[in-house]
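Structure, as structure tokens:
The values are calculated or read from the model by the stated rules, or taken from the named source; none is laboratory data. Predicted model only: the values in this text are computed from it and were never measured. With ideal geometry, Cβ positions are generated from the backbone for all residues, glycine too; neighbour counts draw on all protein chains shown.
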Amino acid sequence: MDNFWLKQAFDRLGEPQGRSLSTHVTADVTVVGGGYLGLWTAIRVKERSPSLKVVVVERDLCGSGASSRNGGFVTSYWAKYLSLHKLCGTDEATRIAKSSAEAVLEISAFCRENAIDAEFRADGWLWTATSAAQIGCWNILINELAKHNVRPFEILDNEEVARLGGTDRNLAGVFEPDAATVQPAMLALGLRTHAQKLGVVIYEHSPMIGLERTRTPKVITRKGSVSSKKVVLAMNAWGAQFPFLRRKVAIVSSDMIATTARPDKLNEIGFVKGVAICDSRMFLNYYRNTPDGRVIFGKSLGHFAFAGQVADHYEGPSPRAGEVEESFLKLYPMLDGMDIESSWTGPIDRSVDGLPFFGRLDNHPDVFYGIGFSGQGVGPTVLGGKILASLALDEVNEWSECGLIRDDVDKFPIEPFRYVGSIVVREALRRKEWLEDHARRPDYFTLAIANLAPVGYVPSRRN
């Protein structure tokens, strides 16, 4: 198995024994997708209405998609407050951001109460600059938050930034204490187990091959089908197969490596706390250590899927592992002796504004979706589960009327212009960041093209 986190989880827990869908069944709510979003949704529905029959249909094993291929960062939406504010105003933006910070605590409580050893470490998030051009890029955000008397970030001096990250290659940074890291596959399998304890019926190795959007929607798999009153599509990047969603997300790769366990090496440089770290690039470097002394290092490299076709382009070892390792060694040259044990890749469903969006598929009253988490889903899927459960249960509350439920989502260009344009923008970004790394000012043309990129972590005046 190429999935590092999932293999590690199976070594500890044993591979879960599931069943596939081989006949026609009925349900009250069918959830398509057994990752974080789908499982949180199923759990919330079952908690609120225990008598309902809830079915989860998963193409592989629960958690085998993006939910077990990420870096395990559990962060809030305070870093995306400017995008939230533009979308839904001060009050709703603040409520969503506060709720996303509370979701970090919810995951901690969930793991503790259900004896799930997901290696939850509440050691915060360090947001850094690795070039002079990146220093202070967070000031626009921090100043706006201060206007509303909200101060989730601490500005650190350079010495503290170097100490927390174990390297002086981080030139500056701010710190969000209310963030954490987890072993993502252990969390996903814990959600799976808890959902089953609540009575959720899970069918794995049962990819959806069709969706009949009739009065009673019907999910069709290779060997069976489910008819239900409500259908929730929680498919991450795989949701781009629907024309209704295809132009609203761009599917792009994120690639990761894991070193061998060398706690002695990490102790030498003081990189021992479970802090989540990322820099301020569009081609983001994000990394953390693990309790057994590994470094998990990821990079967004921009391998795009034409027309949202995920297929098998994001399976197996990363074909870009060498480039990820090169970035790792630039930040940690003193760890050159740590071998790379594993690499992997996965798809990210990136929206134009970097925020997820929810709604009804093709305006069908009983088919709902959530998509566009843009590489930040571990914590926010807790909110997503509340939103989708409220919609599926026809509830009227703060989540069924959440500002992330929207029809007017910005779209990417049609193909082949999106694919070609993505490559042009990617190369402009590469050139811009290379020039900035070498203390050179990017030319106007490079900047103009690079500024066409969708919103990332780094705030901009476009927000």
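For Ala129, all conditions in the list (1) out of contact with any strand residue (DSSP E or B) (no Cβ under 8 Å at 6 or more places or on another chain); (2) surrounded by 17 or more Cβ atoms within 10 Å (Cβ to Cβ); (3) farther than 24 Å from Arg95 by Cα hold save one; what is the number of the exception?
Among (1) out of contact with any strand residue (DSSP E or B) (no Cβ under 8 Å at 6 or more places or on another chain); (2) surrounded by 17 or more Cβ atoms within 10 Å (Cβ to Cβ); (3) farther than 24 Å from Arg95 by Cα, Ala129 violates only (1).
Residue under question is Thr94, and the condition is that it be over 29 Å from Pro207 (Cβ atoms), crowded, with 18+ Cβ neighbours inside 10 Å and over 17 Å from the mean Cα position of the chain (by Cα); does it hold? Quick ask: steps written out before the conclusion?
Working: over 29 Å from Pro207 (Cβ atoms): yes; crowded, with 18+ Cβ neighbours inside 10 Å: yes; over 17 Å from the mean Cα position of the chain (by Cα): yes.
When the stated conditions are applied, Thr94 passes them.
Yes or no, residue by residue, for (1) in contact with a Lys or Arg (Cβ under 6 Å, 6 or more places away or on another chain); (2) closer than 15 Å to Ile202 by Cβ; (3) hydroxyl-bearing (Ser, Thr, Tyr); (4) in a helix (DSSP H, G or I):
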| residue | (1), (2), (3), (4) |
| --- | --- |
| Val55 | no, yes, no, no |
| Cys62 | yes, yes, no, no |
| Ser67 | no, yes, yes, yes |
| Lys98 | no, no, no, yes |
| Ser108 | no, no, yes, yes |
| Ala115 | no, no, no, no |
| Ala118 | no, no, no, no |
| Asp123 | yes, no, no, no |
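What's the number of the only condition in (1) at pLDDT 95 or above; (2) over 22 Å from Thr290 (Cβ atoms) that Ser253 fails to meet?
(1)
Among the residues of the range 155-182 satisfying the criterion of being without any contact (Cβ under 8 Å) to a residue 60 or more places away in the chain and assigned to a loop (DSSP other than H, G, I, E, B), which is nearest to the chain's Cα centre (by Cα)?
Per the stated criteria, the residue is Pro177.
Would you confirm whether any residue within the range 44-60 is in contact (Cβ under 8 Å) with a residue 24 or more places away in the chain, within 17 Å of Pro356 (Cβ to Cβ) and not hydrophobic (A, V, I, L, M, F, W, C)?
Step one: filter the range 44-60 for residues in contact (Cβ under 8 Å) with a residue 24 or more places away in the chain, giving 44-50, 52-60.
From the residues that got through so far, the ones that are within 17 Å of Pro356 (Cβ to Cβ) too are 44.
In the following step, the residues that additionally are not hydrophobic (A, V, I, L, M, F, W, C) were identified as 44.
Scanning the range 44-60 turns up at least one residue that is in contact (Cβ under 8 Å) with a residue 24 or more places away in the chain, within 17 Å of Pro356 (Cβ to Cβ) and not hydrophobic (A, V, I, L, M, F, W, C).
Asp2 fails exactly one of the following numbered conditions: (1) part of a loop (DSSP other than H, G, I, E, B); (2) modelled with pLDDT of 95 or more; (3) surrounded by 14 or more Cβ atoms within 10 Å (Cβ to Cβ). What is the number of that condition?
All conditions are met except number (2).
For the range 362-414, give me the residue count where each residue is under 22 Å from Ile107 (Cα atoms), under 19 Å from the mean Cα position of the chain (by Cα) and hydrophobic (A, V, I, L, M, F, W, C).
Within the range 362-414, residues that are under 22 Å from Ile107 (Cα atoms), under 19 Å from the mean Cα position of the chain (by Cα) and hydrophobic (A, V, I, L, M, F, W, C) number 8.
Which count do you get for residues in the range 334-372 that are touching a residue at least 24 places away in the same chain (Cβ under 8 Å) and part of a helix (DSSP H, G or I)?
Count: 4.
Show me the strands (runs of 3 or more DSSP E) found entirely inside the range 204-312 where at least 3 residues are more than 22 Å from Gly346 (Cβ to Cβ) and in contact with a strand residue (DSSP E or B) (Cβ under 8 Å, 6 or more places away or on another chain).
Values: elements: 208-212, 218-221, 225-233, 250-259, 276-278, 285-289, 295-304.
In the range 204-312, the matching strands (runs of 3 or more DSSP E) lie at 208-212, 218-221, 225-233.
Looking only at the range 422-451, which residues are hydrophobic (A, V, I, L, M, F, W, C) and either surrounded by 18 or more Cβ atoms within 10 Å (Cβ to Cβ) or under 29 Å from the mean Cα position of the chain (by Cα) (or both)?
Going residue by residue through the range 422-451, those that are hydrophobic (A, V, I, L, M, F, W, C) are 423-425, 428-429, 434-435, 439, 445, 447-450.
Ile423, Val424, Val425, Ala428, Leu429, Trp434, Leu435, Leu447, Ala448, Ile449, Ala450, listed by residue number.
Determine, yes or no, whether Leu301 is modelled with pLDDT under 85 and either in contact with a helix residue (DSSP H, G or I) (Cβ under 9 Å, 6 or more places away or on another chain) or not polar (S, T, N, Q) (or both). Spell out the reasoning first.
Numbers: modelled with pLDDT under 85: yes; either in contact with a helix residue (DSSP H, G or I) (Cβ under 9 Å, 6 or more places away or on another chain) or not polar (S, T, N, Q) (or both): yes.
Here the answer is yes, as Leu301 does meet what is asked.
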